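Participant: Can you read through this structure? Questions will come right after.
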Amino acid sequence: MRNAKITSRLLSVLLAGGLTAGLLSGCAQSAGGEQRYAYPLGTASPEDTVTQIYAEKFAEEADRLSGGRIKITVYPNSVLGGDRELLESCYDGDIPFVVQNTAPQVNFIDDTAVFDMPCVFEDIDSMRETVDNEEFMELMQNSYREAGFELLGYADQGFRVMSSNKAVENFSDFKGQKIRTMEDPYQLAFWKELGSNPTPMNFSEVYIGLQQNTIDAQENPYEVIVSNRLYEQQDYIIETNHVPHLISLVVSEAFFEELSKEDQQILIEAQEIAKAYAREQSDQRIDERIQIIKDSGTEIITLNEETMEEMKTASQPVYEEIAEVVDSEILKLYSR
C-alpha cells in the first residue's frame, strides 16, 4: 500500500508539471529518437539550504558529464515524502536518488550511528578529512549496500550548535536546561549526560515552543537557526559543535546496479564535484549567518577547552552505547 502511495504521489507531481508517466521509470525519448533519462531526486529540505545546493549541483553535473543523457529533477520540501518515507521508497526503487541528513538513517543502517558520537572533532576540516578517507568511505558504503542502498558521498552544513536563553560558559550551565533535540536515542543520551533535559519535539513546533518558554533551548546547524529565525527567540548561540550535520547522497542499490559502468562513474564524478561545491557554499553561508545573528543582538559564545573536555568525559557512556552497534573498524577510523 505504501509503495502505491509513493508512486501515486510522484506521478501526480510529474503530471502537474506537464511531464508524462514515462518519466517515472526514468526513460524518455527525445524528438530525434535518442534515449534520454529523467530521474526524480527527493529531499525533505526547503530550497534555500545546502541540501538543495548539493542536490541541484549533482543533477547539473550528471547532466553535463553525460552530455545531456542523464536528467535528474530535484523535488524538495518533502514533496515526495518525509525523510523516513524517502529512504523507504528509495530502498523499494520508487525514487532512485535521495539527499538527506544521516540522522534518519540510524534505524536502517546501524553504522550511521557513528555520526552521533559527540565532541569528536575540533574543526570541520578534520571531520571532512575523516569521512572522505578512502578506507572509512569504503566501509560505510558496504554498510549502506547491506541495507539496500548505494552511498555516493557526504556533504555537510557544518556542526550542530546550541541556542539558549541562558549563557552557557561552564559545564555546570548545561544543567536543567530543557532542550529540544532530534528524536535520536544517542543525542537524547548525550544531552542527559550533560545534565540537560532533552525533549524531542516536531520541528514545526520549535519556534512557538521557544516563544512560549515550553523549551529553553534547541540545537541545530547555523543554517537552520537562521532560516527558521530561531535566534529571534534566543539570547545566546553556544558553539557546542557536538556533532556534524552530515548530508548524504544515497541511491537505490538495485537502480545503481542496473546502470552501465559508464553511467555509474558519471554519477560518482558528479557527486564529487557537487560535494566540493556544497562544502564551499556551506562555509560561506555559515559566516553569513553568524553575522546575521550578531547583527540581531544575539550573542555567540565559544566554549573554552576545559568545558569541551568535560563534555567529552561526560559523553563516555554514549560512546560505549554507540560502540555496541557500530563496526569496530568504522568506530576506530572515525574517532582516531
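The values are calculated or read from the model by the stated rules, or taken from the named source; none is laboratory data. What you see is a predicted model; the values in this text were computed from it and never measured. All Cβ positions, glycine included, derive from the backbone under ideal geometry; neighbour counts span all protein chains shown. For the accessible areas, the whole protein counts, side chains as well, though only heavy atoms, and no ligand, DNA or RNA atoms are used. Shrake-Rupley method; radii C 1.70, N 1.55, O 1.52, S 1.80 Å.
Participant: Every residue in the stretch 270-302 that is open to solvent by less than 70 Å² (accessible area, probe 1.4 Å) and among the acidic types (D, E), please.
Facilitator: Within the stretch 270-302, D283 is the sole residue that qualifies.
Participant: Take the residues of the stretch 166-201 that are open to solvent by 70 Å² or more (accessible area, probe 1.4 Å) and not in a loop (DSSP other than H, G, I, E, B): which is modelled with the lowest pLDDT?
Facilitator: Among those that are open to solvent by 70 Å² or more (accessible area, probe 1.4 Å) and not in a loop (DSSP other than H, G, I, E, B), it is P185.
Participant: Assess whether Q281 counts as being outside any loop (DSSP other than H, G, I, E, B), touching a residue at least 60 places away in the same chain (Cβ under 8 Å), out of contact with any Pro (no Cβ under 7 Å at 6 or more places or on another chain) and within 25 Å of D123 (Cβ to Cβ).
Facilitator: In short, yes.
Participant: I would also like to ask the following. If G153 satisfies every condition in (1) without any contact (Cβ under 8 Å) to a residue 12 or more places away in the chain; (2) in contact with a strand residue (DSSP E or B) (Cβ under 8 Å, 6 or more places away or on another chain) but one, which is the exception?
Facilitator: G153 satisfies every listed condition except (1).
Participant: Within the stretch 45-56, is there a residue that is acidic (D, E), open to solvent by 20 Å² or more (accessible area, probe 1.4 Å), modelled with pLDDT of 95 or more and in a helix (DSSP H, G or I)?
Facilitator: Taking every residue of the stretch 45-56 in turn, at least one turns out to be acidic (D, E), open to solvent by 20 Å² or more (accessible area, probe 1.4 Å), modelled with pLDDT of 95 or more and in a helix (DSSP H, G or I).
Participant: Report the residue count in the stretch 88-109 for those that are outside any loop (DSSP other than H, G, I, E, B) and in contact (Cβ under 8 Å) with a residue 24 or more places away in the chain.
Facilitator: The initial filter retains those residues of the stretch 88-109 that are outside any loop (DSSP other than H, G, I, E, B), namely 88-92, 97-101, 103-105.
Cutting the leftovers down to in contact (Cβ under 8 Å) with a residue 24 or more places away in the chain gives us 88-92, 97-101, 103, 105.
The qualifying residues number 12.
Participant: Given the conditions (1) more than 19 Å from the chain's Cα centre (by Cα); (2) open to solvent by 20 Å² or more (accessible area, probe 1.4 Å), and given that D263 satisfies all but one, which numbered condition is not satisfied?
Facilitator: Evaluating D263 over (1) more than 19 Å from the chain's Cα centre (by Cα); (2) open to solvent by 20 Å² or more (accessible area, probe 1.4 Å) leaves (2) as the failure.
Participant: Condition first: touching a residue at least 60 places away in the same chain (Cβ under 8 Å) and either more than 16 Å from the chain's Cα centre (by Cα) or part of a helix (DSSP H, G or I) (or both). Now tell me which residues in the stretch 202-231 satisfy that.
Facilitator: Across the stretch 202-231, the qualifying residues are Y222, E223, V224, I225, V226, S227, L230, Y231.
Participant: Sticking with this one: State all residues of the stretch 78-96 that are farther than 14 Å from G148 by Cβ, within 16 Å of the chain's Cα centre (by Cα) and crowded, with 23+ Cβ neighbours inside 10 Å; if no residue qualifies, say none.
Facilitator: Answer for the stretch 78-96, where residues must be farther than 14 Å from G148 by Cβ, within 16 Å of the chain's Cα centre (by Cα) and crowded, with 23+ Cβ neighbours inside 10 Å: just G81.
Participant: Something else: All but one of (1) of a type in the set (S, T, N, Q); (2) more than 29 Å from L41 (Cβ to Cβ); (3) assigned to a helix (DSSP H, G or I) hold for S163; state the number of the condition that does not hold.
Facilitator: Just one mismatch for S163, condition (3).
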